[in-house]
Amino acid sequence: MSEFALTHAWLIPLLPALAFVVIGLFTRLNKKLSEAIAVSAISLSFLVSLCVLAAVIGGPVTMDNPFIQKALWAKMGTLELSMGVLIDPMTAMMLIVVTTVALLVQVYSIGYMEHDPGAGRFFAFLSLFASSMLGLVISVNFLQMYAFWELVGVCSYLLIGFYYYKISAREAAKKAFITTRIGDFGMLLGILLLQITFGTLDFMELKELVPAYIWISGTGFMTVVGLLLFIGPIGKSGQFPLHVWLPDAMEGPTPVSALIHAATMVVAGVYLVGRAYFIFSALPTVMNVIAWIGGFTAFFAATIAVTQRPFKRILAYSTISQLGYMMLALGVGSLTASMFHLMTHAFFKALMFLCAGAVIEAMNEEADIFKMGGLRHRMPTTFKCMTIGVLAIAGVPPFAGFFSKDMILAAAAEVSTPLYLLAAATAFMTAFYMARLLFVAFFGEVREDCPAHETNSYMKWPLVVLAVLAVLSGAWGHFAGFGEWVYYGTAAEEHIDFMIAGSSVVLTFIAFALAYEIYVAKRFSSYLISQRFGILYKLSYNKYYVDEFYTIVRNTFVDKLGAALYWFDLRVIDGMVNGLAKGVGCLSCVFTVLQNGQAQRYAAVFYCGVIALVAYSIFYAFRILQLLGGAY
Amino acid sequence: MGFPILSTVLLAPLLMALVICFLPRESREQIRMLAAASMGVATCLTLYAYAAYDTAAGGMQFTERIPWVTDLGVSYSLGVDGISLPMLLLTDVIGLASVFSSWNIEKRAKEFFILLLVLITGVTGTFIACDLFIFLLCYEVVVIPIYIMVLIWGSTKRVSKEYSGMKLTIFLLMGSAFMLVGIVSLYLGAYPAGQRTFDIEALIMASQMGHMSMEFQILVFLLLLAGFGSLLSMFPFHSWSPDGYAGAPTAVSMIHAGVLKKIGGYGLIRLGLMVLPLGAKFWAPLIAGLAMINVMYAAYCAMVQKDLKYIIGYSSVSHMGYVLLGFAALNVVSISGAIANMVAHGIMASLFFSQIGYVYEKTHMRSIPDLKGLAHYFPRVTIGFMLAGLASVGLPGLIEFVPEVTIFMGTIGVYPFFAVLAIAGIVFTALYILRMLAKVLFGPKDEHFAQYEDQKGVEVLPLLLLGVFLIGFGVFPELLMSVIDSGVQPLTPLLAALSDVPTLLGGGL
């Protein structure tokens, strides 16, 4: 049975792909049927994933002994590109996370897309995304991962731009694709260097070859490769400085934000680093870079989230910040903590996004939290779910985030105190801005013109399921021994560091209290605070002007340089071509003078020729005479 | 010798052109049906040949040979191997699609289809000829219809159609002049008088037996590079490409960008590399450098274009840079990638041109500031644009991904500097393609476009036909790569022997 599940794991990405093809070709215009096909495909994938999980838990598969299946995709000369399935506990966990969230989001979308005529297209793209993401998760080599990595990127592009008639959506989609493309460029270079150095991209083969190579030739070259590879995750997982696309990506429909831009695609970068951990963990410089970029991103994004007003944008910066946590965990050497946080974050962040979708829909597309208020009376279920999400992300025991965040803080404290302090400060800010979001939107007085109402059942039940997961997944992982299951090198031990956990819980409650004082009790005026810290507030509110900086770079190095080169093409290159043509034309003018059809002209030319000939013969004869004279 | 498949593929369009000559000009309906039928026959036979080609055996198959001018060593000799078969398939598929794209042509339809079929015959001939005389003959056949078609059915935008037609023709002729000198030198240099032949296999034999000195090869390769390079729009001989495509009618743009250009790459491999390996090796670093310029420079130029056809024109110059780069790296992987990339680019460029052509036919607009929000009224055209655009960007699952990655893998070890810059092209390609798609297809509704109809009936066929190959070869690249591999694999010893031959930068020996 367990063998059967593993050998059929390729069905997991294939089923949604089939759903995409069928919906795309045949049922696009039939909403009900399209929804049914998409949801049943992902449900089946979910079931197969469960079987795979069972097989992994019960069987001989471990992190060091994965199940592998491969098939040739294309071959040219000595180069073979293959596709396949690699199942280890990390894969199994990811499969469950992705299929669960995808299934719940698709059910939710049935309600969300109720009045949208483009629902068929929406479900087709969602299925394509699920398929690509699952294909990425089970990759056996870097090329397969890169291929699916690009595919999830394009699905993200298509779905961010789903409301294609909105200019903002269209621009956000473009920006997301191009920004992540910059990361992919670096990653592709890294992959190509691996290919020419080792002659293979297979994870298992590289796992054997890379340590030997480093042992013989040192870390120098591999550090370059590692850094190049890491540029990909910087783009995909929204790390500084390529994070700019993720907040804009909120232009997409909210289920998309929940699935792609919170729970699954954006963690692909984290997953890639985890999958290639045998490379990264052997390179101290790269690990340091990962840890610091992760830590800095976590802190940086949190400082922005504190001042933002739109509901989804706060969540987006929060996602960037949490992804930074995951990177930080990888950088300080704890694959377990990173993957654990990836799982819990997927559940509670998807939960919060789906709540956001319900709220924004209920508010008739009003996204500014300061125009909401008192929603807990109007939307009690959503309020409860959102509260659970906030408690989970803030790390209140026994909610999921507590366990995973504690593990990351403990891992960071072991390696470097500055990183730990950065992470702890981020935790404090996280608790603050999440409490701010909750208090401002859901507490206080109900506004008179507030149109909000509780959501329909398609949208409600996924929230409840995710809320349960957001409560339980942390404790389950902790007590069931997540660390003995997903680990790198030696199994991680499960224990709670009470100093770290205790201090972070205390900080969390201080942050909650502060937010309560400001936004509910209104003991301090938030306006005055923002005035007091004018410059800091402005920097944060304007996201440190990173976007503006990129606009300048793009204007100069792309548009202006392009215009200059085009000028060169028109004036110089084409100028030469046209000049040459004109030159030939002039030459022909000269010769046409000689042949203009008039007998007199011909006679004159003839006469000139004769003179020239005679002159030449005389000259020639003279030369000969001279030569003869010289000879005698 | 069984049924002469290749002759039928070659002559079906030509014979049909002859038949159409005798039809009255009013019977437009029959003329276009007959044109489509002849191309349909050719395509079906090519598909059969493609399926029946024995990749394990490799080499020239479906050969036909009739001695023609024995004194000069000229024979009517046809055949396909793993390198020319994909090109033949490309020619017929795009040829068929271009007939459908010209379905609604009103002006002088009879003459149009006659010239189109002659053009396709010429292109087909260059790919399946095993004799250089036939190759040149077919190449010259191509030039005339293109000039007439641009002049009569072309369009005037930035430059007049007369200018672009002239530019296109003169570049083609200049290329053929260099080619002619190069080919005649080969003919004279390979064998002593009396044994001389235009047979390509025999020339390759002569080269392997050492009949051609290093100096000879270097000189003649330069001639061929000038000829084939300008055909492939190699920098700085590229400026005909955007102007030419912009002036040409849709079908000519499709065939020119889709297949005609590829004669350059095909010739470089078939003659440049196989007959003159030492010359190829000598000039390879130069080609690699120019290739990198092609990729980046043309991408930058594409970025600032306003006319859709100019964008695709510069885009095709940029993509040809990858082909040149794959050629210059001179190894099995990179050359397979270069050939596959020619197929890939042919399919997507012709898809682009057919969709642009449709939009232009309906709206008489091609300028990006004029076009907006087409997705609201042209859903099928949108699919065509998106497929071609995402393929250009190198999306996995579409035809361009595997060829691009293959070229990168084959070149980064040989020319790291040029390769890295050329790979950076993937970012810039994404930039100009996505900008164009966003502006033209998406955004708010514009009521002006409500009056036009989306593609329907025969008009959808180019999208369908090219789309099938775009996705089919993308999802199952082995369908394409196995055939190409059987053509490139035999070059392994040749390429291995080249590894210590000096280049213009010195080295070797």
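So here's what we get for this one:
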read-out: Filter result for the condition that a residue is more than 9 Å from every other protein chain (Cβ to nearest Cβ) and either modelled with pLDDT under 80 or surrounded by 13 or more Cβ atoms within 10 Å (Cβ to Cβ) (or both), over A:Y545, A:Y550, A:Y566; value: A:Y550
read-out: Test: A:E114 is within 11 Å of another protein chain (Cβ to nearest Cβ), open to solvent by 10 Å² or more (accessible area, probe 1.4 Å) and among the acidic types (D, E); value: no
read-out: 3 or more residues open to solvent by less than 10 Å² (accessible area, probe 1.4 Å), of a type in the set (V, I, T) and touching a helix residue (DSSP H, G or I) at 6+ places or on another chain (Cβ under 6 Å): qualifying helices (runs of 4 or more DSSP H) within region A:258-366; value: A:284-305, A:311-331
read-out: Qualifying residue in region A:487-499 (condition: of a type in the set (D, E) and either closer than 29 Å to A:P241 by Cβ or in contact with a strand residue (DSSP E or B) (Cβ under 6 Å, 6 or more places away or on another chain) (or both)); value: no
read-out: Residue match in region A:208-223 (condition: away from chain B (no Cβ under 12 Å), open to solvent by 20 Å² or more (accessible area, probe 1.4 Å), more than 27 Å from A:Y157 (Cβ to Cβ) and not in a helix (DSSP H, G or I)); value: yes
read-out: Those residues of region A:58-103 which are part of a helix (DSSP H, G or I) and either farther than 22 Å from A:L469 by Cβ or of a type in the set (A, V, I, L, M) (or both), in sequence order; value: A:G58, A:M90, A:A92, A:M93, A:M94, A:L95, A:I96, A:V97, A:V98, A:V101, A:A102, A:L103
read-out: Condition met for A:K174 (under 20 Å from B:I433 (Cβ atoms), open to solvent by 30 Å² or more (accessible area, probe 1.4 Å) and within 12 Å of chain B (Cβ to nearest Cβ)); value: yes
read-out: Condition broken by A:A425, with the remaining ones in (1) of a type in the set (G, A, S); (2) in contact with a Phe, Trp or Tyr (Cβ under 7 Å, 6 or more places away or on another chain); (3) surrounded by 24 or more Cβ atoms within 10 Å (Cβ to Cβ) satisfied; value: (3)
read-out: B:A12 without any contact (Cβ under 8 Å) to a residue 40 or more places away in the chain, assigned to a helix (DSSP H, G or I) and under 30 Å from B:I183 (Cβ atoms); value: yes
read-out: Some residue of region A:452-464 being in a loop (DSSP other than H, G, I, E, B) and of a type in the set (A, V, I, L, M, F, W, C); value: yes
read-out: One residue from A:F129, A:F67, A:F46 being among the aromatic types (F, W, Y), within 14 Å of chain B (Cβ to nearest Cβ) and either open to solvent by 10 Å² or more (accessible area, probe 1.4 Å) or under 30 Å from B:V405 (Cα atoms) (or both); value: A:F129
read-out: Test: residue in region B:455-476 that is modelled with pLDDT under 90, within 11 Å of another protein chain (Cβ to nearest Cβ) and buried (at least 18 other Cβ atoms within 10 Å of the Cβ); value: no
read-out: Of the criteria (1) touching a Phe, Trp or Tyr at 6+ places or on another chain (Cβ under 9 Å); (2) without any contact (Cβ under 8 Å) to a residue 40 or more places away in the chain; (3) open to solvent by 20 Å² or more (accessible area, probe 1.4 Å), which one B:H448 fails; value: (1)
read-out: Selection from region B:437-466 of residues that are out of contact with any helix residue (DSSP H, G or I) (no Cβ under 7 Å at 6 or more places or on another chain), basic (K, R) and under 14 Å from B:P379 (Cβ atoms); value: B:K456
read-out: Index of the failed condition, A:T200 passing every other in (1) within 14 Å of chain B (Cβ to nearest Cβ); (2) crowded, with 20+ Cβ neighbours inside 10 Å; (3) not in a helix (DSSP H, G or I); value: (2)
read-out: Hits in region B:149-180 - residues which are at pLDDT 85 or above, over 20 Å from the mean Cα position of the chain (by Cα) and among the β-branched types (V, I, T); value: B:I152
read-out: Index of the failed condition, B:V402 passing every other in (1) at the interface with another protein chain (Cβ under 7 Å from one of its Cβ atoms); (2) in contact with a Ser or Thr (Cβ under 8 Å, 6 or more places away or on another chain); (3) surrounded by 24 or more Cβ atoms within 10 Å (Cβ to Cβ); value: (2)
read-out: Region A:56-72, residues that are in contact with an Asp or Glu (Cβ under 7 Å, 6 or more places away or on another chain) and either at pLDDT 90 or above or farther than 12 Å from A:W485 by Cβ (or both); value: A:P66, A:L72
read-out: Evaluation of B:G443 against (1) open to solvent by less than 10 Å² (accessible area, probe 1.4 Å); (2) out of contact with any Leu (no Cβ under 8 Å at 6 or more places or on another chain); (3) outside any loop (DSSP other than H, G, I, E, B); (4) at the interface with another protein chain (Cβ under 9 Å from one of its Cβ atoms) (one fails), failing number; value: (3)
read-out: Selected residue [assigned to a loop (DSSP other than H, G, I, E, B) and among the aromatic types (F, W, Y)] from A:F524, A:F557, A:F568; value: A:F524
read-out: Among (1) open to solvent by less than 20 Å² (accessible area, probe 1.4 Å); (2) assigned to a helix (DSSP H, G or I), the one test that A:H243 misses; value: (2)
read-out: Unique residue being under 26 Å from B:I484 (Cβ atoms), within 12 Å of chain A (Cβ to nearest Cβ), in contact (Cβ under 8 Å) with a residue 40 or more places away in the chain and open to solvent by less than 10 Å² (accessible area, probe 1.4 Å) when the list is B:G397, B:G389; value: B:G389
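Residues checked against (1) surrounded by 10 or more Cβ atoms within 10 Å (Cβ to Cβ); (2) touching a strand residue (DSSP E or B) at 6+ places or on another chain (Cβ under 7 Å); (3) modelled with pLDDT under 80:
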site	(1), (2), (3)
A:R571	yes, no, no
A:G583	yes, no, no
A:L587	yes, no, no
A:R601	yes, no, no
A:A604	yes, no, no
A:A615	yes, no, no
A:I618	yes, no, no
A:L625	yes, no, yes
A:G629	no, no, yes
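Quick grid of which residues meet (1) within 13 Å of chain A (Cβ to nearest Cβ); (2) surrounded by fewer than 24 Cβ atoms within 10 Å (Cβ to Cβ):
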| residue | (1), (2) |
| --- | --- |
| B:V295 | yes, no |
| B:A298 | yes, no |
| B:F327 | no, no |
| B:S350 | no, no |
| B:V359 | no, yes |
| B:K372 | yes, yes |
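The values are calculated or read from the model by the stated rules, or taken from the named source; none is laboratory data. Worth saying up front: this structure is predicted, and the values here are computed from it rather than measured. Don't worry about glycine lacking a Cβ; one is built from the backbone with ideal geometry, like all the others, and counts go over all protein chains shown. These area figures cover heavy atoms from the full protein model, side chains too; ligands, DNA and RNA do not enter into them. Shrake-Rupley method; radii C 1.70, N 1.55, O 1.52, S 1.80 Å.
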